[in-house]
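Below is one structure, written out as structure tokens; comments come after it.
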Amino acid sequence: MDRIVQALVEIVGTPYVSDSAEERYFYGRDPGLMPAHAPDYVVLPRSVEEIQAIVRLAGREKIALVPMGAGMSLSGLVIPQRGGIVLDMKRMDRILKVNEAARYVVVEGGTSTGKLHAHLNRYYPRLRFSTPDSPAAATVAANVMIHGQGRLTQQQGFNSDMVSGLEVVLPSGELCRIGSCALSDDWFSKGPPLPDLSGLFLGWFGATGILTKVGIKLYPRKKMRDVEIFITDSPDFVPGILYELTHTEMAEDINIFAQPLPLIFSGNHHIVIYFTGDSAEEMELKKRILFHALDGFIRNKDGGFMTVGEGMKKTLLDMPQRSATTFADVTKGGGFEYSGPIVPIDRYPGCSRKLDELAVKYDLKYHATARIIDKGHAMMFAFSFTFNRADEDMLNRTRMALSEASEYALSIGGLFWKPTLDEQRIALEKMDPQTARLMKRIKEELDPQGIMNPGNWEGI
Amino acid sequence: MKYAEILHRCFRCGYCKFTLDYENFNCPPYRKYRFDTFAPGGRMWLIRAWLNGEIENSERFQEILYSCATCGNCVEHCAFTFRENLVDIFIAAREELVNGGRIPPSVRDYFKAISIHGNPYNLPAAQRSSWAADLPVQSYDGQEYLLYIGCVGSYDERGRKIAQAVSRNLIRAGISFGILGEREPCDGNEVRVLGEAGLFEYLAENNIALFRQLGVRKIITLDPHAFNAFRKEYPAFGGDFEVLHYSQVLSRLIESGELKPGDFPVRVTFHDACYLGRHGGEYEAPRRILRAIPGVELVEMRQNRENALCCGGGGGNFFTDILGGEGDSPSRIRVRQAVETGAEILVVSCPQCAKMLEDAIKAEGLDDKLVIRDVGELLDASFREN
């Protein structure tokens with residue numbers, strides 16, 4: 001038996017270590033378009049102590065280590081660029097603590113967003129978290145690690161903004177707590193009023209440490225939830241519409257979608273407005289306020305509310321939204337990927353036109369999705385293309401379209417969300433050199449041997 | 001390979017391995033192994049890689065393919081339109097392995113036993129009806145129903161008890177039925193799902209010919225696996241029979257008043273057999289029987305009906321035991337779920353489930369907390385103890 005396999009078996013047990021071709025194949029790629037690279041080993045730890053032992057082993061042997069949740073980023077963030085060990089975290093999926101009064105939950109680093117969603121539904125019906133639209137298998141830790149977004153992002157910001165504490169295994173193997181949990185067993189703040197050290201880990205894709213526990217804030221869950229859709233045929237009106245809607249502070253979530261197919265959606269921008277309440281009166285009042293906010297656009301015939309049938313409402317109100325996943329099979333091809341830059345909301349018209357242009361240029365089916373972040377401070381605009389995994393030419397065209405979309409996003413002041421290795425390199429090149437140097441110093445200080453998810457945030 | 005054109009359409013999103021509410025992973029091999037390769041998405045990607053020559057047919061690959069319990073949870077929960085084909089795809093991949101001649105030894109031995117002896121136990125056909133030795137069960141000779149027992153009910157000690165109980169209930173209700181005894185062939189359901197399409201075709205054609213020769217028109221099956229084969233697979237070979245699972249018959253007899261269960265005060269929970277529930281669409285007949293027994297309190301497990309966790313015996317695993325074993329094998333998880341309900345009896349409707357779960361109770365040391373009873377046995381007991 002391989003010496004490293006033997007050492008890993010001693011840590012986690014034989015059933016949970018593999019260097020087989022099958023695991024090396026599967027864990028060497030994700031559903032997106034990034035090139036594959038196989039790990040040497042895949043390991044399924046069950047405890048913090050096991051992770052610490054694996055990290056120390058990797059350090060001694062100078063082996064790369066890539067922590068992984070469900071591997072759903074689509075941008076290759078857990079493809080082990082230099083082989084080594086992939087740590088599949090999903091055996092660590094316990095929900096450790098819910099503090100109902102202080103509204104937070106602490107979960108292990110491999111807990112799926114689906115499991116947390118179900119747990120709260122069952123045991124804490126008055127609490128919720130910002131459920132992302134990624135598949136239910138996506139983990140809470142990976143979601144905050146990539147600055148994911150969810151149903152409460154319009155109100156509360158990125159899901160990573162809702163972190164209330166972290167437990168991290170450092171590249172040295174030491175265990176570190178971040179936030180109020182560093183001082184007590186309370187997980188209500190990730191930093192403030194003390195220095196917020198969560199930034200040393202969030203957004204680093206595991207390149208600075210492994211999240212073994214995550215605290216996230218919970219929010220009131222209202223008894224009722226509904227959705228309405230305002231449509232306009234011009235992208236130029238969208239920023240103004242969003243400004244008025246966010247001003248009301250009545251919406252739970254605001255998304256926008258535009259797509260050429262099916263034809264009923266063609267030519268329009270659909271602003272999807274979710275709202276919640278504890279009574280029919282509250283729902284009616286919020287709806288009235290939201291509708292009135294757009295009176296001017298309706299009067300000028302720049303847009304109007306569409307009738308949303310029960311079937312469509314059911315699809316839109318679904319959490320997590322399974323229909324988001326089915327976009328992958330529009331071409332009967334099992335794939336989609338998006339460049340999803342974070343941009344100011346006034347860039348919506350430009351992004352929308354660029355997406356139209358790219359779809360024509362590369363002959364691809366597309367879907368534009370945008371999600372408002374933190375009451376309109378920014379938005380995530382997804383240049384989404386669906387592709388046929390069995391069609392090499394289409395894969396190449398999709399890669400080119402995504403690359404061009406990313407270039408465009410950067411040119412209009414956007415920030416890459418969950419950037420690919422290429423996008424990370426471009427971002428580092430463009431950013432203020434002192435900022436890039438600071439990032440380099442942080443990485444070198446925390447991970448001097450460069451074993452943690454190597455390739456990510458390198459090349460500074 | 002059949003369905004090869006679908007493989008690349010899997011996005012590996014993972015919905016297939018959950019329950020509908022996402023509370024738990026519900027794919028039996030994934031629950032045991034926890035590598036994504038053992039989930040339906042992993043299997044889809046690996047079959048494609050194998051067909052493309054990117055990986056080889058290894059022991060690990062065989063383990064991944066043959067640990068699938070064909071339980072249909074993935075069919076129930078996959079987000080895509082091709083979900084109906086998922087189990088068929090995994091069976092088709094097994095067929096390719098069989099055709100290539102490299103399969104797990106336990107699967108090979110199963111095929112050989114069926115081929116040579118007509119049953120997986122390597123026992124003589126003459127023993128097939130010994131379960132009925134002390135019962136006034138007639139040999140089939142034109143009665144209204146053929147009671148098809150199957151290999152597990154005929155040879156396995158646990159299955160034989162269920163066959164006896166079900167027969168007593170039918171006799172009690174005055175149902176006109178007979179059995180084939182030593183003439184009874186293997187239904188072939190596991191032969192098919194393990195990938196021996198040729199042997200299955202042979203079995204199906206011969207069985208259909210036999211049934212026709214005997215004038216069989218209505219079949220009651222003891223085993224949901226046979227129920228599946230006769231109902232869903234035999235029509236492709238011209239076998240159009242009216243097929244019922246015994247729970248459906250007993251449920252009707254109770255509703256019509258022909259069976260009046262006696263008091264049997266006990267708290268029970270019910271485990272849905274995959275080939276009766278998800279594959280057969282029958283979730284209610286066994287529950288109707290339980291509700292009709294005075295004193296029975298039915299408490300559902302969290303994972304029930306479409307979300308039931310398979311016992312791990314499906315897909316041929318009952319015979320090959322690839323999925324059994326350690327603490328997180330599906331059957332052991334399932335009995336722990338049953339204990340959580342506070343039930344004294346875990347009721348099943350399949351001899352394979354009965355055996356799998358009874359073994360799991362022993363392995364978990366839960367003998368003092370839980371017993372397994374088939375719904376036919378429970379109904380029978382309600383008469384015998386009154």
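For A:LYS430, go through the lysines and keep the ones whose alpha-carbon is under 20 Å away, minus same-chain ones fewer than eight residues off.
Partners found: A:LYS418, A:LYS440, A:LYS443.
Over all residues in B:27-39, what is the mean tally of Cβ atoms on other chains that come within 10 Å of each residue's Cβ?
4
Which of the chymotrypsin sites (Phe, Trp or Tyr not before Pro) across the stretch A:239-314 are loop residues per DSSP, with 10 or fewer other Cβ within 10 Å?
The qualifying sites: there are none.
Give the residue list of trypsin sites (Lys or Arg not before Pro) in the stretch B:217-306 that are DSSP loop and have at most 14 other beta-carbon atoms within 10 angstrom.
Those that pass, being in a loop and sparsely packed, are B:ARG217.
Please report the spacing between the Cα centers of the stretch A:14-49 and the stretch A:248-280 in Å, no decimals.
39
Any chance you could list P(r) for the stretch A:91-220, counting all Cα-Cα pairs in 5 angstrom bins from zero, rounded to whole %?
2, 12, 23, 27, 22, 10, 4, 1, 0
Calculate how steeply helix A:348-362 sits against the longest principal axis of the alpha-carbon atoms of chain A, using the helix alpha-carbon long axis, and give the answer as 0 to 90 degrees to the nearest 10.
It is inclined by approximately 70 degrees.
Below 13 Å, Cα to Cα, which aspartates and glutamates can A:LYS361 reach? Residues fewer than 8 away in the same chain don't count.
Once the sequence-local aspartates and glutamates are set aside, what remains near A:LYS361 is A:GLU404.
Is there a pair in A:LYS97/A:LYS190; A:LYS213/B:LYS17; B:LYS2/B:LYS32; A:LYS190/A:LYS375; A:LYS287/A:LYS375; A:LYS313/A:LYS375 whose C-alpha atoms are over 26 Å apart, and which pairs would that be?
B:LYS2/B:LYS32
How high is the FRET efficiency from A:ILE289 to A:HIS377, r the C-beta distance, R0 25 Å, rounded to 0.05?
Computed FRET efficiency for A:ILE289 and A:HIS377 comes out at 0.75.
Between the stretch A:391-415 and the stretch B:49-65, how far is it from one alpha carbon centroid to the other, in angstrom?
The distance from the Cα centre of the stretch A:391-415 to that of the stretch B:49-65 comes to 34 Å.
Taking the Cα centre as origin and putting +1 on Lys and Arg beta-carbons and -1 on Asp and Glu beta-carbons, what dipole magnitude results for the protein assembly as shown, to the nearest 20 debye?
About 660 debye.
Please compute the average number of Cβ atoms from other chains found within 10 Å of each residue's Cβ in peptide A:332-340.
If you average over the peptide's residues, the count of other-chain Cβ atoms is 3.
Label points 7 Å out from Cα along the Cβ direction at B:LEU20 and B:GLU5: separation in nm?
3.2
Can you give the local net charge around A:PHE336? Use residues other than it whose beta-carbon is closer than 12 angstrom to its beta-carbon, Lys and Arg +1, Asp and Glu -1.
Around A:PHE336, the charge tally is +1.
For A:THR315 and B:SER176, FRET efficiency with R0 = 30 Å and r from the beta-carbon atoms, rounded to 0.05?
0.05
Among the trypsin sites (Lys or Arg not before Pro) within the stretch A:56-93, which fall in a DSSP loop and have no more than 14 other Cβ atoms within 10 Å of their own Cβ?
Counting only loop positions with at most 14 other Cβ atoms within 10 Å, the trypsin sites (Lys or Arg not before Pro) in the stretch A:56-93 are A:LYS62.
May I ask you to compute the full-extension gain from A:LYS332 to A:SER266, defined as 0.36 nm times their residue separation minus their alpha-carbon distance, rounded to one decimal in nm?
Gain on stretching A:LYS332 to A:SER266: 21.7 nm.
Which value results for Rg/Rh of the stretch B:229-324 when Rg is the Cα radius of gyration and Rh the Kirkwood radius based on the inverse mean 1/r?
1.03
For a quick check: sort B:ARG183, B:ARG336, A:ARG389 by the number of other beta carbons within 10 angstrom, fewest at the front.
Ranked by crowding around the Cβ, least crowded first: B:ARG183, B:ARG336, A:ARG389.
Let me know the shape class of the protein assembly as shown, please: from the alpha-carbon gyration tensor, a ≥ b ≥ c as square roots of the eigenvalues, rounded when a/c is under 1.5, otherwise prolate if a/b is greater than b/c, or oblate.
prolate
Just tell me how shielded B:70-81 is by partners: mean number of partner chain Cβ atoms within 10 Å of each residue's Cβ, no decimals.
For peptide B:70-81, the averaged partner shielding equals 2.
Tell me, what ³J(HN,Hα) does each residue in the stretch B:320-328 have, in order and in whole Hz, if you take phi through Karplus 6.51 cos²θ - 1.76 cosθ + 1.60 with θ = phi - 60° and put x for Gly and Pro?
These are the phi-based 3J(HN,Hα) values: 8, 6, 5, 9, x, x, 4, x, 9 Hz.
Can you pull the one-decimal nm distance between simple spin-label points at B:ASP88 and A:ALA101, each 7 Å off the Cα toward Cβ?
5.8
Within the stretch A:370-403, whose backbone N sits under 12 Å from a point 7 Å along Cα→Cβ of A:LYS222?
none
Sorted from fewest to most neighbouring beta carbons within 10 Å, what does the list B:ILE149, B:ILE171 look like?
With the sparsest Cβ surroundings first, the list reads B:ILE171, B:ILE149.
How would B:PHE18, B:PHE241 line up from fewest to most surrounding beta-carbon atoms within 10 angstrom?
Lowest to highest Cβ neighbour count: B:PHE241, B:PHE18.
Starting from 0.36 nm per residue, how many nanometres of slack lie between B:ASP263 and B:GLU344 once their C-alpha separation is accounted for?
27.6 nm
For B:LYS112 and B:GLU59, what is the calculated FRET efficiency with R₀ set at 25 Å and r taken between the beta-carbons, to the nearest 0.05?
The computed FRET efficiency comes out at 0.85.
FYI, it's all coordinate maths here, none of it is from the lab. It should be emphasised that the depicted structure is a prediction, and the values quoted were computed from it without experimental measurement. Every residue, glycine among them, receives a Cβ derived from its backbone with ideal geometry; neighbour counts consider all protein chains shown.
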